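The values are calculated or read from the model by the stated rules, or taken from the named source; none is laboratory data. Bear in mind the structure is a predicted one, so any value in this text is a computation, not a measurement. Methodologically, a virtual Cβ is constructed for each residue, glycine included, from the backbone with ideal geometry; neighbour enumeration extends over all protein chains shown.
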Amino acid sequence: MYAMNNAAIGIFDSGLGGLTVAREIAGLLSAESLIYVGDQARCPYGSRDADQVREYVQQITDFLVSQQVKMIVIACNTATACGLQAARQRADIPVVGVIDAGARAALAASKSGNIAVIGTERTVNSDAYPHAVARINSSAQVVASATPELAGIVESGLEDQMMHQTSDGGEYYHLAESYLQPLFEEGTKDRPDTLLLGCTHYPVLSQALQRAAGSDVAIVCAGSEVAAEVQQTLKDGDQLASKQNRPHHVFYTTDDNIAEFDQLGSKIFGTDLTDIRHLQLEGGKV
Ligand code: DGL
């Protein structure tokens, strides 16, 4: 007889981006309940200093532990880079980040071992990705570049404006081009064959990013690899929910605009977010 645990999995991000990861987890583990926190009042994390982000991670970890989750997924690269160790020290439940999973996904996709990664300034400056890739394959080459304006486009629900070239009315397409063309210039030696989306907001923009990088570039993100790691962690600890469990997902935003979270979030998560609540954290809006 296996031990089972119908407690929820806690997941958090600075905002809506972590829903790209939550969607993969809900897809793979359909009996599991989720408690999601989007810290929209303090989004973006990517331009803040590391100590500040670590503090936010600790605060949200404490909240999720108080909700009796059975494990925590830091569905944010910036928060993983700055606070994974701190969260692990704080919580006596498993805590999984997205960076090692992203590195595994990129290495699995790349034939040449030349990988480009884009993320927030904080993630890129932390060098977390080159280190994570080197731990698995020391001969792979990683070029990392900060793309600070992309997460905001997703938070504002403006991804359609990025879909097309500027001449077709895509106001933000030039951003994708200006960020990616230097990384994928044709004919350059060691041109990457893989683009790792090192921010959980970016999968929402993958069509535009694919177009700007070139159709021969494999675009990968950590989501499905994270979901597999969550499954394995729960299995190893005999903590999977019972197959009969009827999951209930709760979504918290630290901002006031629940209607907007619902509208934008349900598109990213893929189904209606039926239970959205406001979460007031100490230090709230800054
Ligand atoms: N989703 C966050 C990440 O994966 C970035 C967004 C932000 O800057 O807050 O890094």
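Couple of notes before you dig in:
- Boolean, A222 is within 22 Å of A103 (Cβ to Cβ) and in contact with a Pro (Cβ under 8 Å, 6 or more places away or on another chain): no
- Of all the listed residues (A31, A3, A26, A41), the sole one being under 21 Å from T271 (Cα atoms) and out of contact with any helix residue (DSSP H, G or I) (no Cβ under 9 Å at 6 or more places or on another chain) is A31.
- Exclusive hit being farther than 24 Å from Q40 by Cα and buried (at least 16 other Cβ atoms within 10 Å of the Cβ), set A132, A176, A146, A151: A132
- The single condition from (1) buried (at least 19 other Cβ atoms within 10 Å of the Cβ); (2) over 28 Å from L264 (Cβ atoms); (3) acidic (D, E) that D13 fails is (2).
- The listed residues are Q68, Q52, and the only one of them that is at pLDDT 95 or above and within 15 Å of the ligand (Cβ to nearest atom) turns out to be Q52.
- Subset of the stretch 243-277 [surrounded by fewer than 15 Cβ atoms within 10 Å (Cβ to Cβ), under 21 Å from the mean Cα position of the chain (by Cα) and β-branched (V, I, T)]: T271
- Filter result (out of contact with any helix residue (DSSP H, G or I) (no Cβ under 6 Å at 6 or more places or on another chain), modelled with pLDDT of 95 or more and not charged (D, E, K, R)) within the stretch 250-265: V250, F251, Y252, I258, A259, F261, Q263, L264
- Looking only at residues of the stretch 229-242 that are surrounded by fewer than 16 Cβ atoms within 10 Å (Cβ to Cβ) and touching a residue at least 12 places away in the same chain (Cβ under 8 Å), we find that the one that is nearest to V21 (Cα to Cα) is Q231.
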